[in-house]
Ligand code: NAD
């Protein structure tokens with residue numbers, strides 16, 4: 001078992017310190033103090049994980065899919081019993097409120113359950129007619145890289161379907177939030193996942209990804225993180241032609257049409273935007289408002305942002321905690337400064353809070369010139385830009401004017417406008433009159449520079465399978 005404050009690697013069914021005994025600090029973003037450490041893997045640790053994954057591969061993939069599903073269901077049950085304590089650990093490591101962390105763990109449990117319930121059905125042969133069928137098979141060992149913003153859900157969205165499909169997984173958890181990977185791996189092992197089928201490593205990300213992806217044992221790369229890192233990993237994966245599932249950045253627009261109900265739109269945008277201090281790949285970041293509503297929207301949205309209560313993540317009165325790390329604060333400063341220098345106006349927020357911790361307040365910028373970086377680079381923080389539009393076509397053009405294509409949102413009751421926007425917005429997911437993220441039962445994935453491949457639902461499991469086409473079998 002990993003000690004609560006000194007997190008270890010999990011290789012071949014055993015918890016252990018890294019071979020070099022080196023460790024990395026874990027910082028509480030609300031205090032900026034180091035309060036835990038996480039082991040750092042050596043090349044020999046990684047080789048151990050690769051060898052044990054390869055050794056376990058045949059037995060796991062040929063085990064009845066029903067058994068694999070039952071193990072996932074049991075793991076979900078075990079994880080559900082730990083949610084309160086695990087959520088407090090996550091909140092201390094990441095900065096999200098305890099309530100947000102509890103909600104996130106509940107979604108991770110749901111994700112493991114969904115994949116457990118569907119493992120058998122999604123591993124079954126698919127008949128195509130007389131003597132023809134598709135036989136789904138596990139593709140092989142997975143290297144999974146998960147980030148710190150939604151560590152529980154994102155681990156569950158990779159491990160749940162990979163294990164359901166029959167693939168062993170080597171998980172590199174986020175070094176910033178190690179407790180989450182540890183709680184989930186412990187639940188899986190207590191539920192009966194055999195030795196070698198899941199391994200957990202932490203360390204220097206670039207060293208780990210380079211080593212794992214250079215191995216021909218690894219057949220699939222699944223990564224959630226920035227577009228820049230996703231491209232580096234896809235380049236490495238190209239050498240071995242490893243299948244890639246890349247969930248990358250986003251810069252999501254919200255179009256508020258002139259018939260929109262602001263009493264519905266503003267709380268929905270505010271709640272979704274400022275969850276996890278805006279560090280979500282599908283958080284809205286650019287709001288385009290019909291000119292007739294613009295002044296009223298801006299004033300009411302600014303009020304809503306000012307009402308967000310900022311504080312310690314374990315205080316039940318807190319709506320929004322700190323950002324996860326100093327890098328995010330630097331990014332907020334850089335993007336705000338650039339926008340203001342180009343002529344944008346700060347409606348609220350705009351400067352780091354003068355208190356310990358990585359606190360950046362909800363920030364609304366108006367009058368942002370088109371060249372400003374905040375309109376093109378993923379903000380990944382609590383910054384929103386608000387701009388008026390005159391025609392729907394103009395709004396669509398603006399909405400689609402970034403290199404990202406993850407999520408898009410709009411508010412209108414008119415059915416023809418809803419259809420036009422749904423068809424015209426370049427995004428992997430569109431939500432109408434509310435804001436919604438990923439769910440266990442549906443595929444979710446980006447287009448353009450937001451990545452490729454899907455997580456979630458049937459497609460999430462298929463991502464880890466070979467669909468073997470079989471013709472001519474005697475009946
Ligand atoms: P980053 O790109 O350095 O790291 C993001 C994640 O990728 C981290 O978990 C990190 O450990 C991992 N990573 C980084 N380099 C890696 C490598 N060479 N091999 C394997 N994994 C690697 O950025 P950051 O400062 O930690 O996070 C900020 C940026 O990351 C944001 O701007 C955002 O675009 C992106 N991000 C996106 C998501 C998402 O849900 N799509 C989640 C977290 C971070």
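Listed values, structure above:
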{"item": "Pairwise label distance in nanometres, residue 133 with residue 35, each label 7 Å out on the Cα-Cβ vector", "result": "5.4"}
{"item": "Helix-only [θ]222 nm of the chain, DSSP H runs n ≥ 4, -39500 (n - 2.57) each, per residue, nearest 500", "result": "-13500 deg cm²/dmol"}
{"item": "Principal axes of region 1-130: Cα extent on each, largest first, Å", "result": "65, 39, 23"}
{"item": "Nearest-0.05 FRET efficiency for residue 232 and residue 291, computed from C-beta distance (R0 41 Å)", "result": "0.45"}
{"item": "Taking the convex hull of Cα positions in region 217-348, its mean projected area over all directions (nm²)", "result": "11.5"}
{"item": "For the chain: span of alpha carbons on each principal axis (Å, largest first)", "result": "67, 59, 40"}
{"item": "Inter-label distance for residue 88 and residue 423, nm, one decimal - labels placed 7 Å from Cα along Cα-to-Cβ", "result": "5.5"}
{"item": "Rg/Rh (Cα only; Kirkwood hydrodynamic radius) as it applies to region 252-432", "result": "0.95"}
{"item": "Over region 409-452, volume per residue of the alpha carbon convex hull, in Å³", "result": "80"}
{"item": "Alpha carbon Rg of region 172-220, scaled by the compact-globule rule 2.2 N^0.38 Å", "result": "1.27"}
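Rule-based calculations on the coordinates, nothing more; no lab input. Model, not experiment: these values are computed from the prediction. Cβ atoms come from the backbone with ideal geometry, glycine included; neighbour counts cover every protein chain shown.
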